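The values are calculated or read from the model by the stated rules, or taken from the named source; none is laboratory data. What you are looking at is a predicted structure, and each value in this text was computed from that prediction instead of being measured. Note that we place each Cβ from the backbone using ideal geometry, even for glycine, and neighbour counts take in every protein chain shown. To get the accessible areas, we keep the full protein, side chains included, count just its heavy atoms, and leave off ligands, DNA and RNA. Shrake-Rupley method; radii C 1.70, N 1.55, O 1.52, S 1.80 Å.
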Amino acid sequence: MLSYIGNAIKYNKSKNNKVNMFNKNKGFSLIELIVVIAIMAILTTAAAMSIASIFGVAVKQCARDIKSSINDTRVSTMGKDQVILTIKKGNSDGSSEAYYCITTEKDGFGKETTEESRVGRSNLDITYVLADASGNASEQTLDATHPITIEFNRGSGSLKLGSDGKYCTQIKIKKNSTEKILKLYPETGKVSME
């Protein structure tokens, strides 16, 4: 009987040791902690990069659309009577705060057609530079009250001075740290994107 009691005591001690061993191991090891932190750092970096690329895509697309509209206006002007491009914030009926390009074509018979296309979201910041023939320049923010009006000379394709004696020489599209600049060359009417 004593041997049975002795065996029961040994069994309880070994069982208690196993229970105690599991009770002592309640935390994480240093290696497990480092692995979790590394995974979190990778996921955070990936998320930040995708958010940055989303803003970058909107800026690039807006710049491409405006550049395309300017080039289309130039080509149309050299083949038709008169084409005027207006870039402004808000559409014609005032129902949207996005950026729009409005192309107005007048043919030789006096018929006028207007085409409006959305080129950018309202959360972008667009500024432009107006310069006169002597090179004096001023920068303005594009909004509903300060639109950009671009016209070209039919014979040469060069930029035409506006009614205020100035023409647009630069358009800057920006969102956070992403920025695209469209440069317009008055002598040739060409547009480049940086």
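Just a few scattered comments:
- Meets criteria (within 30 Å of GLY162 (Cα to Cα), under 42 Å from the mean Cα position of the chain (by Cα), open to solvent by 80 Å² or more (accessible area, probe 1.4 Å) and modelled with pLDDT under 75) for LYS60: no
- Yes/no for ASP65 being open to solvent by 30 Å² or more (accessible area, probe 1.4 Å), among the charged types (D, E, K, R) and without any contact (Cβ under 8 Å) to a residue 24 or more places away in the chain: no
- Exactly one residue among GLY135, GLY110 is closer than 18 Å to LEU182 by Cα, at pLDDT below 85 and assigned to a loop (DSSP other than H, G, I, E, B), and that residue is GLY135.
- Test: residue in segment 22-44 that is within 23 Å of LEU182 (Cβ to Cβ) and either at pLDDT below 90 or assigned to a helix (DSSP H, G or I) (or both): no
- Among (1) surrounded by fewer than 13 Cβ atoms within 10 Å (Cβ to Cβ); (2) touching a Lys or Arg at 6+ places or on another chain (Cβ under 6 Å); (3) under 23 Å from VAL59 (Cα atoms) - the single one TYR100 does not satisfy: (1)
- Of all residues in segment 147-171, those being assigned to a loop (DSSP other than H, G, I, E, B), modelled with pLDDT of 90 or more and under 27 Å from ARG121 (Cα atoms) number 1.
- Residues located in segment 102-116, provided they are among the hydrophobic types (A, V, I, L, M, F, W, C) and within 16 Å of GLY79 (Cα to Cα): PHE109
- Residue count for segment 68-91 under the criterion of being part of a helix (DSSP H, G or I), under 12 Å from ILE150 (Cα atoms) and open to solvent by less than 60 Å² (accessible area, probe 1.4 Å): the result is 6.
- Qualifying position, being farther than 19 Å from ASP65 by Cβ and open to solvent by less than 50 Å² (accessible area, probe 1.4 Å), among GLY189, GLY108, GLY157: GLY157
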